[in-house]
Amino acid sequence: MKAITSLLAILALSAVTTFAAEGDAPKKPEGEKGKPRMTPDELIAKLDTDKDGKISKAEWLASPQAKKDEAKATERFTKFDKDSDGFLTKEELTPKKKKDA
């Protein structure tokens with residue numbers, strides 16, 4: 001009986017520490033449909049087919065997500081392309097931190 005109680009106590013303790021460790025892990029911000037959003041570096045690595053360090057409009061529109069709705073993809077590209085040079089850089093894809101008021 002003592003062995004069973006000890007075993008259950010050990011299992012309970014290990015479960016608590018496992019859940020606590022998972023809670024400490026930093027989480028990625030969520031994008032559409034609750035999926036983790038890609039970082040600017042991950043997005044550039046995935047879409048930058050010519051490896052010039054930036055995403056052209058053609059590279060952006062060639063993505064699977066853009067092929068689902070090209071009009072929306074074009075709108076988003078224009079929104080992100082702050083300097084209107086036809087390319088998205090890491091700086092343009094990095095969200096600005098909100099200032100505390």
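What follows draws every value from the coordinates through simple rules; no lab data is involved. What you see is a predicted model, and the numbers here were worked out from it, not measured in a lab. Here Cβ is always computed from backbone atoms with ideal geometry, including for glycine, and neighbour counts include all displayed protein chains.
Details
- 37, 76 arranged by Cβ crowding within 10 Å, fewest neighbours leading: 37, 76
- Peptides 50-58, 65-73, ordered by how many other C-beta atoms sit within 10 Å of their residues on average, highest first, read 50-58, 65-73.
- Label separation (residue 84 vs residue 51): 3.4 nm, computed from points 7 Å beyond Cα along the C-beta direction.
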